[in-house]
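The values are calculated or read from the model by the stated rules, or taken from the named source; none is laboratory data. Just so it is clear, the model here is predicted, and its values are computed rather than measured. Here the Cβ is made from the backbone with ideal geometry for all residues, glycine too, and neighbour counts use every protein chain on show.
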Amino acid sequence: MILLEFSMSPLGKGESVGKYVARSLDIIDKSGVAYRLNPMGTVLEGDWDEVMAVVKKCYARMKQDCNRISCSIKIDFRKGHSGRLSSKVQSVERRLKRSIKK
C-alpha cells in the first residue's frame, strides 16, 4: 500500500491559490481514494496506479488554465499494510501515551 503526499500549486497566480487547491480537493474527494488534507499538502492512501491517477487528474485540471505548476511528491510504500493514514499517528500517540493535536 502506498502513502503519497503531494502539494501542487500554480505559479504566477498571486499569493492566494486557494481556489486551485479547492479544485484539486474536489477531484481527490470524488476519487474515492482515502486521503487527509494538511496545511501543506494532501496525503493519499491506495495502490500505486490509484494514487498516481488522482495526481494526474489534478495536474490535468490545473494545466487547463495555469501556464506553470509546481508539484512536490513524497511516496512511502509498505508491503501488506493499509490504514496507515490513521495508524501512523496512532503509533506515535501510543509511544507518547497521549493524543496529539490534529
Considering only strands (runs of 3 or more DSSP E) wholly within the stretch 1-51, the ones with at least 1 residues that are within 13 Å of CYS71 (Cβ to Cβ) and of a type in the set (Asp, Glu) are 2-10
inquiry  = Can you confirm whether LYS57 is charged (D, E, K, R) and either surrounded by 15 or more Cβ atoms within 10 Å (Cβ to Cβ) or more than 14 Å from the chain's Cα centre (by Cα) (or both)?
reply    = yes
Residue pairs within 9 Å by beta carbon, gap of at least six or interchain, first lying in the stretch 54-70 and assigned to a loop (DSSP other than H, G, I, E, B), second surrounded by 16 or more Cβ atoms within 10 Å (Cβ to Cβ) and among the hydroxyl-bearing types (Ser, Thr, Tyr), listed first then second, are ASP65/TYR20; CYS66/SER9; CYS66/TYR20
Being touching a Pro at 6+ places or on another chain (Cβ under 9 Å) and either farther than 22 Å from SER87 by Cα or not polar (S, T, N, Q) (or both) narrows MET52, MET1, MET40, MET62 down to just MET62
Of the conditions (1) out of contact with any Ser or Thr (no Cβ under 6 Å at 6 or more places or on another chain); (2) modelled with pLDDT of 95 or more; (3) not in a strand (DSSP E or B), the single one that SER82 does not satisfy is (2)
Residue set LYS79, LYS74, LYS63, LYS56; condition of a type outside the set (A, V, I, L, M) and closer than 30 Å to LYS101 by Cβ; output residue LYS74
